[in-house]
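The values are calculated or read from the model by the stated rules, or taken from the named source; none is laboratory data. These numbers were taken from a predicted model, which means no experiment stands behind them. Here the Cβ is made from the backbone with ideal geometry for all residues, glycine too, and neighbour counts use every protein chain on show.
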Amino acid sequence: MTSSLGCDEMTGPGPEPCTSPETSQLDFWLGSWDLTWPASQSGGMEGEVAHGTNQIEKILKGCVVEERFATADGGFLGRSHSAFDPKARVWRQTWVDSAGGYLVFEGGLSGFGFELRTAPTERNGQTVINRMVFSDIRPASLEWAWQASTDGETWRDLWNISYRRQDGSDG
């Protein structure tokens, strides 16, 4: 019985994988981050600020961006793996979390900065699209928004997180 790995890079010599300029488009996110957001957006009290951390690194010979998210109290944990798909020319991300969440995104650079979207899904008889938008990207900080839409044109903020590098460096 033979096994097909499904990876062109496994079939023989060729260019070094994951070295195209596109594979560096998420490098702004790499590092150790302190996070803050309005606590009410994650079930906390109105007017309070919630805290968490996010550790982002490249793994698997630099081909995959791995995220390790945690709220300060450890009550919510999440992981994602993102990779650039050179054939489709898009980034793809898979997210899983401690609440049983499993989401698949695709996207890339946008007019906002960097954007990843889910495919439209039906929820309570209504089509919903979710997206995350990385914006105001600076060496030691960035803004992240989780948004929802029913038409793919107008978006409603659900969760807004401010990222600050833990070491204050510019990555």
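Taking the criterion of being farther than 18 Å from ARG131 by Cβ and surrounded by fewer than 14 Cβ atoms within 10 Å (Cβ to Cβ), the residues of the stretch 90-102 that qualify are ALA99, GLY100.
When the stretch 117-133 is filtered for residues that are closer than 21 Å to SER82 by Cβ and either touching a Ser or Thr at 6+ places or on another chain (Cβ under 6 Å) or not polar (S, T, N, Q) (or both), the ones remaining, listed by number, are ARG117, ALA119, PRO120, ILE129, ASN130, ARG131, MET132, VAL133. Return the residue satisfying two criteria in turn: it lies in the stretch 132-171 and is in a loop (DSSP other than H, G, I, E, B) and hydroxyl-bearing (Ser, Thr, Tyr), and of such residues it is farthest from GLY44 (Cα to Cα). Ranking the candidates gives SER169 first.
Residues that are at pLDDT below 95, touching a Pro at 6+ places or on another chain (Cβ under 9 Å) and exposed (fewer than 14 other Cβ atoms within 10 Å of the Cβ) are absent from the stretch 24-44. Is it fair to say PHE105 is aromatic (Phe, Trp, Tyr) and surrounded by 16 or more Cβ atoms within 10 Å (Cβ to Cβ)? When the stated conditions are applied, PHE105 passes them. Given the criteria closer than 21 Å to ARG138 by Cα, out of contact with any Lys or Arg (no Cβ under 8 Å at 6 or more places or on another chain) and of a type in the set (Ser, Thr, Tyr), does THR19 qualify? No.
Per the conditions (1) closer than 27 Å to THR150 by Cα; (2) among the charged types (D, E, K, R); (3) in contact (Cβ under 8 Å) with a residue 12 or more places away in the chain, the sole criterion not satisfied by GLU66 is (1).
Checking GLU57, GLU122, GLU153 one by one, the residue that is surrounded by 13 or more Cβ atoms within 10 Å (Cβ to Cβ), out of contact with any helix residue (DSSP H, G or I) (no Cβ under 7 Å at 6 or more places or on another chain) and either among the charged types (D, E, K, R) or free of Cβ contacts under 8 Å to residues at least 24 places away in the same chain (or both) is GLU57 and no other.
For the stretch 20-51, a tally of residues being touching a residue at least 24 places away in the same chain (Cβ under 8 Å) and not aromatic (Phe, Trp, Tyr) returns 15.
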